[in-house]
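Asks: Here it is, the structure in full.
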2 protein chains.
Amino acid sequence: MRIERVLVVDPLDGEYVGSVEAENGKIESVEADGEKPRAILMPAFIDVHTHGAVGVDFLDDEDWEKVEEFFHSQGVVTFFPTSVSTSFDRMVDFLERAERKGKLAHLEGPYISLEKKGAQNPEFIRKPTDEEIDELLKYGSLRTITLAPEVVEPSIVEKLESSGIRVSLGHSNATYEEAMRGYRAGARRITHFPNALRSLHHREIGISGAGLLHDFYLEIISDGIHVSPKMVELIFKIKGCDRIILITDSISATGLEDGEYELGGLKVFVEDGIARLEDGTLAGSTLTFSRAVKNFGEFTGADLRCLSKVSSYNAALHMGLEEKGRISEGFDADLVILDFDLNVLEVYSSGERVFPEG
Amino acid sequence: MRIERVLVVDPLDGEYVGSVEAENGKIESVEADGEKPRAILMPAFIDVHTHGAVGVDFLDDEDWEKVEEFFHSQGVVTFFPTSVSTSFDRMVDFLERAERKGKLAHLEGPYISLEKKGAQNPEFIRKPTDEEIDELLKYGSLRTITLAPEVVEPSIVEKLESSGIRVSLGHSNATYEEAMRGYRAGARRITHFPNALRSLHHREIGISGAGLLHDFYLEIISDGIHVSPKMVELIFKIKGCDRIILITDSISATGLEDGEYELGGLKVFVEDGIARLEDGTLAGSTLTFSRAVKNFGEFTGADLRCLSKVSSYNAALHMGLEEKGRISEGFDADLVILDFDLNVLEVYSSGERVFPEG
């Protein structure tokens, strides 16, 4: 497979016009040839936080392939199916399904704060036991978990991190000190910042302040609704390109019409693409990843190289996906071709074209 | 006058061991001579926001010289006596007094937001008339005014700024857009950030977000109470050395014992050095400037050169005091000698020693 005359955007090498050759799913060579580019080539997007799309909920449903196909059309090749707070049996069932389907999973809850539950079902929110954690660690599909550092003991955070599970702090009312206890135990990410977090106060900067002050990766839902465009700009000013990870937090309604849906056993009403519980609480998003990237560029003025970091490279680095997130020899040939307005034209997964199909 | 063998700290030239020679109130020469320094020499501190000290309130009382003497002992040579919201007659009386005493004055209110009044007397808070503004502009002693951009028309902000009055936004519930209306009209400072301001929310970043995002100078009360040490660290991370101006916001109780005092006709209770109204609202501070500088250094790890910016140079630059804030030929010989723990040893005003006296 060969892609020619594109503006290659690599998070480390930067931008240059050239060609990319792939063989056996890997990038075999990249070559700068200086011609006028016909399109942009970036590493395919990585979404570390998505609950589903096109009518499918990863936790409830089997047909993950239908979501995958939709995600391909949005430039995403790697995604982390994400649960919400649920019973232990259903968590295990979800992890088993991920294992069968060869996906890395994200457990969002249930070890979170009731006060900052957002759209999570309070019925299932609780503290973990050591036995539960040991059981979860048996599943190779578990790669990341969102938990609240004031709810979960640092010893458990340490155990997870040392077992290769990336702990993300979220749905949390943690003070600054409580958040830093999580940090010292190894947590280096914060889930959909600054949604469902104790807010920044000038006499107790809390987990939001910790996220801005220290080198946490921050997940951002750049739909302009969960976080205003100006707040995205401010976060970008503070954190720069290297510590932001764009996510969709998409729910099953994504890619479908407005209407009534479900999330973790709770009714969700989607109006003008905005998903809310009956009480108005935002309940995930219907954001697509390609829209997230466009928005982020518009809100911040970030250049293409920076966009490649926040849309794939940072996630790959943080999650330990060592062969993803770059356009360089030996990396997976997961690629997205975009026009100059950042619309998705073609997508490749391990060197195979997956969008458009056929 | 000659000061020898000190670590000269200039905001632009940086740090070097040397000697300073002054003549006729001006610095005549500075000389690097490389010896081991016996102390630190910095430009004397400038406090742009103080209501008084040692039992004297600038608005109510005449004995400003008593405050000045106390301020000298804290390293401050230039200070801006600051009013609170009061009647127009008393504002005029205050500006006349400043004129007689050769001081530049700061009017804090009354053109502020009732919702964010802090410890200001609501009885006097109101919108300005054009006639009032024209009257105020007759006083050369008026150099700066704190007002709320959602209360005062941009045309008035423009008129003030174009008349050489520095407008500081404060005691304000402004949205981001309202704050930026003030910015576009010329305002470039925010009063005691982020106290008495609409707080940062991730869907409406407000005036606090505007202050962090754009090149406003931010006044900071670094007593560790108005703003927590971690919040000071975060503001420093975002704004750097060039856009922070330390202030005391000190009231008449400063330098005295705990007890009952008054501010703008309201009772103030000072306990453990913390000044509050009866309802618990913080009411100015009892912070001294030398303590503010020490605290800021401790909270942020800022180096001496940076401390010289936030304690004098930035204020001088913003307020148009062109001959202050530097240790360089031709500048006013306003100097403070500090030990290596930043305790004030000696203070010079126009080359004359004013502390210790005699």
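Asks: Considering region A:285-306 alone, what residues qualify as being open to solvent by 10 Å² or more (accessible area, probe 1.4 Å) and either at pLDDT below 95 or among the polar types (S, T, N, Q) (or both)?
Replies: Passing the criteria: A:286, A:288, A:290, A:295, A:300.
Asks: Given the conditions (1) within 18 Å of residue B:144 (Cβ to Cβ); (2) surrounded by 16 or more Cβ atoms within 10 Å (Cβ to Cβ), which single one is not true for residue B:96?
Replies: (2)
Let's see how each residue does on (1) at the interface with another protein chain (Cβ under 8 Å from one of its Cβ atoms); (2) open to solvent by 10 Å² or more (accessible area, probe 1.4 Å); (3) touching a His at 6+ places or on another chain (Cβ under 9 Å); (4) not in a strand (DSSP E or B):
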{"residue": "A:211", "(1), (2), (3), (4)": "no, no, no, yes"}
{"residue": "A:220", "(1), (2), (3), (4)": "no, no, yes, no"}
{"residue": "A:227", "(1), (2), (3), (4)": "yes, no, yes, yes"}
{"residue": "A:233", "(1), (2), (3), (4)": "yes, yes, no, yes"}
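Asks: Return a yes/no flag: does region B:22-36 have any residue that is outside any helix (DSSP H, G or I) and within 14 Å of the chain's Cα centre (by Cα). Give the steps one after another, and end with the answer.
Replies: Taking region B:22-36 as the starting set, the residues that turn out to be outside any helix (DSSP H, G or I) are B:22-36.
With the extra rule that they be within 14 Å of the chain's Cα centre (by Cα), the set shrinks to none.
Checked region B:22-36: no residue is outside any helix (DSSP H, G or I) and within 14 Å of the chain's Cα centre (by Cα).
Asks: Take region B:37-52 and flag every residue that is in contact (Cβ under 8 Å) with a residue 40 or more places away in the chain and not in a strand (DSSP E or B).
Replies: Within region B:37-52, the subset in contact (Cβ under 8 Å) with a residue 40 or more places away in the chain is B:39-52.
Within region B:37-52, B:44, B:51 qualify.
Asks: So which of A:274, A:251 is within 21 Å of the chain's Cα centre (by Cα) and crowded, with 21+ Cβ neighbours inside 10 Å? Give the derivation first.
Replies: On the way: A:274 fails: crowded, with 21+ Cβ neighbours inside 10 Å.
After applying the criteria, what remains is A:251.
Asks: Could you check how many residues of region A:176-201 are open to solvent by 20 Å² or more (accessible area, probe 1.4 Å), assigned to a loop (DSSP other than H, G, I, E, B) and within 10 Å of another protein chain (Cβ to nearest Cβ)?
Replies: Total meeting the criteria: 2.
Quick grid of which residues meet (1) under 23 Å from residue A:44 (Cα atoms); (2) outside any loop (DSSP other than H, G, I, E, B); (3) without any contact (Cβ under 8 Å) to a residue 60 or more places away in the chain; (4) not hydroxyl-bearing (Ser, Thr, Tyr):
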site	(1), (2), (3), (4)
A:81	yes, yes, yes, yes
A:85	no, no, no, no
A:89	no, yes, yes, yes
A:92	no, yes, yes, yes
A:96	no, yes, yes, yes
A:111	no, no, yes, no
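Asks: Of the conditions (1) part of a helix (DSSP H, G or I); (2) touching a residue at least 60 places away in the same chain (Cβ under 8 Å), residue A:67 clears all except one; give me its number.
Replies: Result: residue A:67 fails condition (2) only.
Asks: Kindly check whether there is at least one residue in region A:243-256 that is out of contact with any strand residue (DSSP E or B) (no Cβ under 7 Å at 6 or more places or on another chain), among the charged types (D, E, K, R) and in contact (Cβ under 8 Å) with a residue 24 or more places away in the chain.
Replies: Within region A:243-256, the first condition is being out of contact with any strand residue (DSSP E or B) (no Cβ under 7 Å at 6 or more places or on another chain), and the residues that meet it are A:256.
Subsequent filtering for residues that are among the charged types (D, E, K, R) retains none.
No, that holds for no residue.
Asks: Report yes if some residue within region A:117-130 is open to solvent by less than 20 Å² (accessible area, probe 1.4 Å) and on the phi > 0 side of the Ramachandran plot; otherwise report no.
Replies: No, region A:117-130 has no match at all.
Asks: Which count do you get for residues in region A:148-176 that are under 26 Å from residue B:228 (Cα atoms) and touching a strand residue (DSSP E or B) at 6+ places or on another chain (Cβ under 7 Å)?
Replies: 10
The values are calculated or read from the model by the stated rules, or taken from the named source; none is laboratory data. Remember, it's a predicted structure, so these values are computed and weren't measured experimentally. No Cβ is skipped: glycine too gets one built from the backbone with ideal geometry, and neighbour counts run over all protein chains shown. In case anyone asks, the SASA skips ligands and DNA or RNA and just uses the protein heavy atoms, side chains included. Shrake-Rupley method; radii C 1.70, N 1.55, O 1.52, S 1.80 Å.
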